[in-house]
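Below is a structure I'd like to ask you about.
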Amino acid sequence: MPLTFHWFLPTNGDSRHVVGGGHGTPATASGRDRPPTVGYLSQIARAAEEVGFAGALTPTGAWCEDAWLTTAMVAQHTERLKFLVAFRPGLISPTLAAQMAATFQRQTGGRLLLNVVTGGEDKEQRAFGDFLDKNGRYRRTGEFLHVVRGLWEGRTVDRHGEHIRVEDAALARVPDPVPEVYFGGSSPIAGEIAARHSDVYLTWGEPPAQVAEKIARIRSLAEAQGRTLRFGIRLHVITRDTAEQAWAGADRLLDGFDPETVASVQAGLARSESEGQQRMLALHGGRRDRLEIHPNLWAGIGLVRGGAGTALVGSHDEVAERIMEYHALGIDEFILSGYPHLEEAYWFGEGVLPRLAVRGLWRHPGGKETAPAAPAPFVPVAS
């Protein structure tokens, strides 16, 4: 099966520097360099669509624009690109969420994917009126998805659960196609819910050995439920014609990290209740001197950004090789990003995707023929 690649819509702002934020930390000042207007986000979306990304992830939280509203507007400026909308089940009725998804599918021609985010930080959840603890939130997510799945199947649903209660819930029109559900989480209870309800299990960009262990665990849980999942990974990328150019790009980003900002962000992330976030922090320990944690896997982004904190850094060939390494473990979908998102979409799309295409691992979802994997050599013409 060909690999699937998604890009990222930076609805917290974009920059030539890393834009921090997430997991209880605010967006950094660099997020104001390129505000997340519909015009700019549509530029990124059109670029992603052109070079061959299948979809684009849009985050959720107090630190960014609302994902549902933003993607509904950006979708009007694109033709094929799907939108992986992140949302939190505890903040919306399951019946309303199922109805919104059905409407989105009809109005965009079936271009909705859903990234279910249970919510890892008590403080942020309470700001939205949600006072359940972490385990309670995951149990509620399971009930929520049970209702949503039933509604999408066209059934009338009654549920008197621990956290969700609906009576005679039904949709006038079911979504076509039914949106696929993407789900992440490193805690034991997250794995249980993912195995029971998700279509694609997502992990952040940990070293391959750790990713392999996680895939094996989730696959086993899914098999116990009689289900088969696909697996995806969330990474940043810095890919250039040569390795030296790529690492120079990483060094440039690192040079822009103010020590006080790093200390503040790390202190905030250390208080995170997310097991996945703690695993990200453990990759670098807040230090700048050991950031390449696996060949071409750089943990520098996580010094100032919550959530996904690692990047693939290297030449186009090296990045393609690392992607193949993750694919060999069972990863079929890659959700990528880079600063700034407009330019990096072209670097990856024009540099790495053609190399995967010639290996038979990727094809343009729009049917477009890709450019050669390497430019033709320059031959001077005699005068």
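The values are calculated or read from the model by the stated rules, or taken from the named source; none is laboratory data. From a predicted model like this one, the values you see are computed outputs, not experimental measurements. When we count neighbours, we look across all protein chains shown, and the Cβ atoms used for this are built from the backbone with ideal geometry, even at glycine. Accessible surface areas use protein heavy atoms only, side chains included; no ligands, DNA or RNA. Shrake-Rupley method; radii C 1.70, N 1.55, O 1.52, S 1.80 Å.
Scan region 206-250 for trypsin sites (Lys or Arg not before Pro) in coil per DSSP, keeping those whose Cβ has at most 15 other Cβ atoms within 10 Å, and list them by number.
Qualifying residues, ordered by number: 227.
Related question: Counting other Cβ atoms within 10 Å, which GluC sites (Glu not before Pro) in region 50-106 have at most 13 and lie in a DSSP loop?
79
Could you go through region 160-170 in sequence order and give the Karplus-derived ³J(HN,Hα) for each residue, using 6.51 cos²θ - 1.76 cosθ + 1.60 with θ = phi - 60°, rounded to whole Hz, and x for Gly and Pro?
Per residue, the Karplus-derived 3J(HN,Hα) values read 10, x, 5, 10, 10, 9, 9, 10, 6, 6, 7 Hz.
In whole Hz and in residue order, list the ³J(HN,Hα) couplings for region 62-71 that follow from phi through the Karplus curve 6.51 cos²θ - 1.76 cosθ + 1.60, θ = phi - 60°; x for Gly and Pro.
With the stated coefficients, region 62-71 comes to 6, 8, 9, 6, 5, 6, 4, 5, 5, 5 Hz.
If Lys and Arg each add +1 and Asp and Glu each add -1, what is the summed charge of the other residues whose beta carbon sits under 13 Å from the beta carbon of residue 213?
+3
In terms of modelled amide H atoms, which long-range or inter-chain residues lie less than 5 Å from the amide H of residue 28?
The list, which skips near neighbours in sequence, is 20, 21.
Given a 1.4 angstrom probe, what's the average accessible area per residue across the chain, in square angstrom?
Heavy-atom accessible area per residue stands at 42 Å².
Given the rule -39500 (n - 2.57) for each run of at least 4 DSSP H residues, summed and divided by the residues of the chain, what is its mean residue ellipticity at 222 nm, to the nearest 500 deg cm²/dmol?
On the way: 13 runs with 155 residues, N = 383.
Computed ellipticity for the chain at 222 nm equals -12500 deg cm²/dmol.
For region 211-298, build the convex hull from the C-alpha positions and give me its volume per residue in Å³.
Working: hull volume 10.3 nm³, N = 88.
Per-residue hull volume (Cα only) is 117 Å³.
Here is a follow-up. If you count, for each residue, the other Cβ atoms within 10 Å and average over each peptide, how do 66-72, 334-340, 43-49 line up from highest to lowest? Walk me through the intermediate numbers first.
On the way: 66-72: 19.4, 334-340: 25.1, 43-49: 22.3.
Taking the mean over residues of other Cβ atoms within 10 Å, the ranking is 334-340, 43-49, 66-72.
Give me the three principal axis extents of the chain from the C-alpha atoms, as integers in angstrom, largest value leading.
81, 47, 41
I've got another one for you. Which value, in debye to the nearest 20, gives the size of the charge dipole of the chain about its Cα centre, when Lys and Arg are +1 and Asp and Glu are -1 at the Cβ? List each step's numbers first, then the result.
Details: 40 positive and 45 negative charges, 122 e Å.
Approximately 580 debye in magnitude.
Just to confirm my numbers, what's the Cα centroid distance between region 262-291 and region 17-39 in Å?
Here the answer is 19 Å between Cα centres.
Could you tally the net charge around residue 47, taking each other residue with its Cβ under 10 Å from the Cβ of residue 47, Lys/Arg +1 and Asp/Glu -1?
Every neighbour counted, the sum reads -3.
Would you please name the GluC sites (Glu not before Pro) within region 123-221 that are DSSP coil residues with at most 12 other C-beta atoms within 10 Å of their C-beta? Before the final figure, lay out the partial values.
Values: sites: 124, 143, 153, 162, 167, 180, 192, 213; in loops: 153, 162, 180.
Answer by residue number: 153, 162.
Further question: What value does region 167-231 have for Rg/Rh, both radii from Cα atoms and Rh as Kirkwood defines it?
Details: Rg = 14.2 Å, Rh = 13.0 Å.
My calculation puts Rg/Rh at 1.09.
Given H placed 1.01 Å from N in the peptide plane, which residues other than close sequence neighbours of residue 112 have an amide H under 5 Å from its amide H?
83
While we're on this one: Sorted by average packing, counted as other Cβ atoms within 10 angstrom per residue and highest first, what order do 31-38, 295-302 take? Mind dumping the intermediate values first?
Working: 31-38: 16.9, 295-302: 23.6.
Peptide ranking by packing, descending: 295-302, 31-38.
Just the number, please: carbon plus sulfur as a percent of the accessible area of the chain, 1.4 Å probe, no ligands or DNA/RNA counted.
Carbon plus sulfur share of accessible area: 51 percent.
Using the Kirkwood formula over every pair of different C-alpha atoms, what hydrodynamic radius in Å results for region 1-129?
Across region 1-129, the inverse of the average 1/r is 15.3 Å.
Right, here's the next one. Within the set of other residues whose C-beta is less than 11 Å from the C-beta of residue 288, count the net charge using Lys and Arg as +1 and Asp and Glu as -1.
Spelling it out: positives minus negatives among the neighbours equals -1.
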